[in-house]
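What follows is a single structure, written as structure tokens, with notes after it.
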């Protein structure tokens, strides 16, 4: 009798992300309930916008994670407002997105991706930054509609280590957006 050959599932995912403040995240999660009840909702504390992501790894890539921490620490960018004002469904997910291009968001994602590439760390194959915050997973017809905006001041970004299949995340690093000219943001 032959046993099926299985490929080990990648278990470790590293990515940079923005997290909404807890109050905003809870408001978003509560609002998303309108798309249930037959859906797998993303918990409020897990809602995020991915800025840059690597391919998954079967074994935790400690050396890459350490270099990503250095990448995160090297980033300088100004704080900015983010506004998610469009909801869309497609490919089994429903997500909030910004309707208009956000220069601060684009700049931050570009700087992170550039610094990661300069550190000779490969990004996820085929990944292209497309800002969104996944609300839930469910099948259904595609749609897109403008909604009352969810907005917050982005003041930091985070490196996330997700242990796939365990619904567990570790945050090896988080960095404030103090601006390209930090003196500009000093409190007098």
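Nothing in this text is a laboratory measurement; each read-out follows from the coordinates by a stated rule. Keep in mind it's a predicted model, so treat the numbers as computed, not measured. When we count neighbours, we look across all protein chains shown, and the Cβ atoms used for this are built from the backbone with ideal geometry, even at glycine.
General observations
- Per-residue Cβ neighbour counts within 10 Å put 42, 71 in the sequence 42, 71, beginning with the fewest.
- Counted over the chain, the DSSP beta bridges are approximately 100% antiparallel.
- The rule of thumb for compact globular proteins, 2.2 N^0.38 Å, goes into the C-alpha radius of gyration of segment 19-94 1.42 times.
- Computed over the chain: relative contact order in percent, which uses C-alpha pairs under 8 Å that are six or more apart: 32 percent
- Where only DSSP H runs of four or more residues are counted, the chain gives -7000 deg cm²/dmol as its mean residue ellipticity at 222 nm, each run worth -39500 (n - 2.57).
- Springs join every pair of Cα atoms under 10 Å in this Gaussian network model of the chain, and among 31, 175, 152 the largest mean-square fluctuation is at 31.
- Sorted by Cβ neighbour density within 10 Å, fewest at the top, the residues 143, 16, 129: 143, 129, 16
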